[in-house]
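Participant: The structure follows.
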Amino acid sequence: MTAGTLYQYEWYRDGALIESAGNSLTKTAGDTFDFYVRDPGAQKPLEPGTYKHVVKIGGQVILADECVIRQ
């Protein structure tokens, strides 16, 4: 991949899409990160559930992983 490559990311909770956006790679090597944060004004932790993060380039999934948040 080259610098400037566009990617999309999606966050799901229990199978429902809760956030999606995109960004571009700034380097040809190294790290990038995206994260999901509740409304800081809510003053509550993330709701329990299974969260999945999906990263796509050109519409194809290149990375997907999930974690479970319990009460």
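The numbers here are math on the coordinates, done by the rules we state, and not lab data. Computed from a prediction, not measured in an experiment: that's the story for all the values here. When we count neighbours, we look across all protein chains shown, and the Cβ atoms used for this are built from the backbone with ideal geometry, even at glycine.
Participant: Taking the simple approach of a point 7 Å from Cα along Cα-to-Cβ for both Cys67 and Thr2, what is their distance in nm?
Facilitator: Rounded to a tenth, the inter-label distance reads 3.5 nm.
Participant: Work out how much length Thr50 to Thr26 would gain on full extension: take 0.36 nm times their residue separation and subtract the Cα-Cα distance, in nm to one decimal.
Facilitator: Taking Thr50 through Thr26 to full extension adds about 5.6 nm, to one decimal.
Participant: Sorted by average packing, counted as other Cβ atoms within 10 angstrom per residue and highest first, what order do 59-70, 12-23 take?
Facilitator: Ranked by mean Cβ neighbours within 10 Å, highest first: 12-23, 59-70.
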